[in-house]
Amino acid sequence: ANNVAPDVLVKGAWDLPKAHFELGGVARFLRDFYYPITGTGLPGAAASYTYAPNYVSNTKSAGGVFGSARVSANKYLDLAVQAMAGDGVGRYGSAQLADATIHPDGTLEPIRNYHGLLSIETHPTKQLDIFAYYGGEYDQRTVYTTAQGYQVGYGARNLVDTACYNLPTNPASSTGGSPASLSNCNSPTRYIQEPMAGFIYRVVNSPKYGRLQYWVQLSYFQRNLWSGVGGGAAPTPSGPRAADPMVFVSMRYYIP
């Protein structure tokens, strides 16, 4: 493993009869190995670099803070919120966004990241639960410009995105698998979000006969990219995005 040390987490929790609170932080130590650049081409010229004969290591500190709260206001309502903010903590979110990018000299730069989740759960009757959740994760644009005018980093503004809304071309023949990915949809993720809502209804809930319940959930998943540039006469989508609405239905029986 390339780790300098394990991630270090410190967390405190406070429990009350109808509430639970947490607050903490995480420290990370990101390391890469690279060949230092000893020379570059002239400004405005084509990219040209010369490198040192031996690689060196570079370590950058990263980390963030997080917190959560869950409150049972009464027997009919539960509310919860949790959030995290910091540099290089993308992997602590469900979407596993990028942790770091690189400077033009090859050293790492942690990416600023935010993510959170809000949940509302209600219990109008003993048979019915109604719930709603919203979660989102964000990676900040982290870009640097070289002496030659090239952009390096996460979310560079010169990435071509003209084909983000196109279907893959017909390969005519194949040895198996899926068609090739789009060649002109290059920007990385800016924000991922998903609201969802649903209910659970218990048709039968008996210690003697067991529990029969059905569950319905609606979800809307959306991924937004950083904006890039066009190519030739093709227009450029502003902040390309993809969405996936989903419906889930299930019925379960629990043996007593």
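Kindly state which strands (runs of 3 or more DSSP E) lie completely within the range 1-112 and contain at least 1 residues that are more than 30 Å from Tyr150 (Cβ to Cβ).
Filter on the range 1-112 gives 8-16, 19-34, 56-74, 77-87.
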* Asked: What is the one condition in (1) at pLDDT 95 or above; (2) over 22 Å from Tyr154 (Cα atoms) that Gly39 does not satisfy?
  -> (1)
* Structure fact -> All-but-one check, Glu22 against (1) touching a Ser or Thr at 6+ places or on another chain (Cβ under 8 Å); (2) buried (at least 16 other Cβ atoms within 10 Å of the Cβ); (3) under 30 Å from Ala5 (Cα atoms), failing number (2)
* Asked: Are there any strands (runs of 3 or more DSSP E) wholly within the range 145-244 with 1 or more residues that are farther than 26 Å from Gln96 by Cβ, among the small types (Gly, Ala, Ser) and at pLDDT 80 or above, and if so which?
  -> 189-206, 210-225
* To do: From the list Asp129, Asp99, pick out the single residue that is farther than 26 Å from Gly25 by Cα and either without any contact (Cβ under 8 Å) to a residue 12 or more places away in the chain or charged (D, E, K, R) (or both).
  => Asp129
* Asked: So which residues in the range 105-139 are out of contact with any Asp or Glu (no Cβ under 9 Å at 6 or more places or on another chain), within 25 Å of Gln193 (Cβ to Cβ) and open to solvent by 60 Å² or more (accessible area, probe 1.4 Å), if there are any at all?
  -> Leu117, Leu118
* To do: Would you point out which residue out of Tyr134, Tyr138 is within 30 Å of Phe29 (Cα to Cα), of a type in the set (Phe, Trp, Tyr) and either under 21 Å from the mean Cα position of the chain (by Cα) or not in a loop (DSSP other than H, G, I, E, B) (or both)?
  => Tyr138
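Among the residues of the range 132-144, what is the count of those that are among the aliphatic types (A, V, I, L, M) and either at pLDDT below 90 or over 29 Å from Thr38 (Cβ atoms) (or both)?
Number satisfying all stated conditions: 1.
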* Structure fact -> Condition set within 27 Å of Ala69 (Cβ to Cβ) and not in a strand (DSSP E or B), scope the range 113-131, selection modelled with the lowest pLDDT: answer is Lys126
* To do: Pull up the range 204-220, narrow it to residues that are within 30 Å of Pro245 (Cα to Cα) and not hydrophobic (A, V, I, L, M, F, W, C), then point me to the one that is most open to solvent (accessible area, probe 1.4 Å).
  => Tyr220
* From the residues in the range 42-76 that are at pLDDT below 85 and not hydrophobic (A, V, I, L, M, F, W, C), which one is most open to solvent (accessible area, probe 1.4 Å)? -> Tyr51
* To do: Kindly indicate the residue of the range 140-165 that is of a type in the set (S, T, N, Q) and open to solvent by 50 Å² or more (accessible area, probe 1.4 Å) and also farthest from Tyr191 (Cα to Cα) among those meeting that condition.
  => Thr145
* Enumeration of residues in the range 138-170 that are among the acidic types (Asp, Glu) and touching a Phe, Trp or Tyr at 6+ places or on another chain (Cβ under 8 Å) -> Asp139
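The values are calculated or read from the model by the stated rules, or taken from the named source; none is laboratory data. For clarity, every value in this text was computed on a predicted model and none was experimentally measured. Because the Cβ atoms are built from the backbone with ideal geometry, glycine has one as well, and the counts that use them run over all protein chains shown. When the accessible area is computed, the model is the full protein with side chains, heavy atoms only, and any ligands, DNA or RNA have been set aside. Shrake-Rupley method; radii C 1.70, N 1.55, O 1.52, S 1.80 Å.
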